[in-house]
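Heads up: the structure comes next, in structure tokens.
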Amino acid sequence: MTLHLDEPDFRCSKCTARFIPFRKENLCPDCGCGIESDEYLNFIKRLAGSMEINKVTYGFYHPPVWLNNRFSDRIQSLTFNVFEALEQAKPKDGKAFLSHLINKKLNFATDEKYLAKHLEDITLEVYKIYKEKRFDLIEYEPSKRSRIKDWFKTFMP
Ligand SMILES: [Zn+2]
């Protein structure tokens, strides 16, 4: 079993771009209009929690099998991949590495160019938790999984 955050897709009321309004006050990453929402305030913590569980369970952030049914699944998948790359590269400046990777190396479709900036925003928030909790030191240890899962549950709606 893999942990999908299963957030309902959110669309900008003005331009219909899909994104995760993870702050109370957000700017649509595509058209820039202001969006207020308090439905996704735990998103960053839950995303970081799913990374933690995956690393303990599989030894990797990205599980071997992963379906992108929802937009949040795709954001999870992209985030897993960039942190996997970060950990392999072990750069001095983690933030700069993530920003460069997302903006210069990932390819987004023409109508999804706004996703680069949005993904960067999300991963830099996750990076704070990553550093604070030393995710880089997490070891593959399937028996630990249930304990972390309980921690993760506290963020479930
Ligand atoms: Zn918009």
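Bear in mind that the values in this text are calculations on the coordinates, not laboratory data. Here the structure is a predicted model, which is why all the values come from computation and not from measurement. Reconstructed Cβ throughout: ideal geometry from the backbone, glycine too, with neighbour counts over all protein chains shown.
Data overview
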{"quantity": "Residue within segment 3-16 that is within 16 Å of the ligand (Cβ to nearest atom), of a type outside the set (Ser, Thr, Tyr) and surrounded by 18 or more Cβ atoms within 10 Å (Cβ to Cβ) present", "calculated": "yes"}
{"quantity": "Residue identified as of a type in the set (Phe, Trp, Tyr), farther than 22 Å from Asp150 by Cα, under 14 Å from the mean Cα position of the chain (by Cα) and more than 15 Å from the ligand (Cβ to nearest atom) among Phe97, Phe83", "calculated": "Phe83"}
{"quantity": "Selection within segment 126-142 - surrounded by 14 or more Cβ atoms within 10 Å (Cβ to Cβ) and part of a helix (DSSP H, G or I)", "calculated": "Val126, Tyr127, Ile129, Tyr130, Phe135"}
{"quantity": "Condition met for Phe22 (within 16 Å of the ligand (Cβ to nearest atom), under 18 Å from Tyr127 (Cα atoms), touching a residue at least 40 places away in the same chain (Cβ under 8 Å) and under 17 Å from the mean Cα position of the chain (by Cα))", "calculated": "yes"}
